[in-house]
Amino acid sequence: MDRFEEMSQLLQKGKARDLSALVQSELDGGTSANDILLKALIPGMSAVGERFKKNEIFVPEVLITARAMNAALKILRPALAQAGVEPVGTAVICTVKGDLHDIGKNLVKMMIEGTGIRVIDLGVDCPPERVVEAVKEYRPAIVCLSALLTTTMGNQKAVIDALKEAGLRDSVKVMVGGAPVTKAFAEEIGADAYTPDAATAAEVARAYFN
């Protein structure tokens, strides 16, 4: 097993400490941060996403993997910045106003980050005006809106309406998701994409940059 495959396997098993140690060792030994990202971490997260979609693993396992990915990225980011490696683009993510659920949002965030996209996380209970401010500040290509309550689904539309009012709607792709959300609802409110799970969300988001 080569070192990239070893890192990928450690990531898929959620072994954050071992993965962090190996990533640091590889950086110290002269392996480029970009190679670690492209040849180990992104393939590892893709494999996790595929297994998640096939119901071979479930949310707890994905959260453990996400924690390992986060630990590795914490080590890699300074080295990537130093090498002048830019993210492929930027996305903004939040759970909409009135909704305090964050597990789904956090999963989507980690999966999208695992494709090389920078993700600005606005947290939960996020009002439309905060999303508008973030779009102005960070100039993302994508806005991801999560809602896990039927009572807060309408606030996904409120964000889209606020983006229209601010003249920003055409500058971003709006992706929506969450347990009660459907493709029909996404079309009804004028979203660009609905995705049923975090792995699919990452695939759709990455495709916007291809």
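Okay, here's what the table says:
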{"quantity": "Disulfide-incompatible cysteines by the Cβ rule (no partner under 4.7 Å) in the chain", "calculated": "CYS144"}
{"quantity": "Local electrostatic count, ALA201, Cβ distance below 13 Å [Lys/Arg +1, Asp/Glu -1]", "calculated": "+1"}
{"quantity": "Hits among aspartates and glutamates - C-alpha to C-alpha of LYS53 under 20 Å, sequence gap 8 or more where chains match", "calculated": "GLU61, ASP102, GLU113, ASP197, GLU203"}
{"quantity": "Tilt relative to the chain, helix 3-12 - C-alpha long axis, 0 to 90 degrees, to 10", "calculated": "40 degrees"}
{"quantity": "Tensor-based shape of segment 105-210 (alpha-carbon gyration tensor, a/c under 1.5 rounded, otherwise prolate or oblate)", "calculated": "rounded"}
{"quantity": "Acute angle (nearest 10 degrees) that the helix 154-165 long axis makes with the longest principal axis of the chain, alpha-carbon atoms", "calculated": "80 degrees"}
{"quantity": "Loop sites in segment 105-210: chymotrypsin sites (Phe, Trp or Tyr not before Pro), DSSP, at most 15 other Cβ within 10 Å", "calculated": "PHE209"}
{"quantity": "Net charge over other residues, Cβ less than 14 angstrom from the Cβ of ILE103 (K, R count +1; D, E count -1)", "calculated": "-2"}
{"quantity": "Listed candidates (1) 18.1, 55; (2) 17.3, 54; (3) 19.5, 69 - label of the one calculated as Rg and Dmax of the Cα atoms in Å", "calculated": "(2)"}
{"quantity": "Solvent-accessible heavy-atom area per residue, rounded to whole Å², over segment 1-128 at 1.4 Å", "calculated": "48 Å²"}
{"quantity": "Hits among lysines - C-alpha to C-alpha of LYS74 under 24 Å, sequence gap 8 or more where chains match", "calculated": "LYS13, LYS15, LYS39, LYS105, LYS109"}
{"quantity": "Candidates per chymotrypsin sites (Phe, Trp or Tyr not before Pro) in segment 1-64, loop by DSSP, up to 14 other Cβ within 10 Å", "calculated": "PHE58"}
{"quantity": "Nearest 10 degrees, 0 to 90: helix 16-28 Cα axis against the chain principal axis", "calculated": "60 degrees"}
{"quantity": "The chain: relative contact order as a whole-number percent, Cα under 8 Å and 6+ apart", "calculated": "19 percent"}
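The values are calculated or read from the model by the stated rules, or taken from the named source; none is laboratory data. Computed from a predicted structure; not experimentally measured. Positions of Cβ are backbone-derived with ideal geometry, glycine not excepted, and every protein chain shown enters the neighbour counts. The protein model used for the area step is the full one, side chains on, heavy atoms only, and it has no ligands, DNA or RNA in it. Shrake-Rupley method; radii C 1.70, N 1.55, O 1.52, S 1.80 Å.
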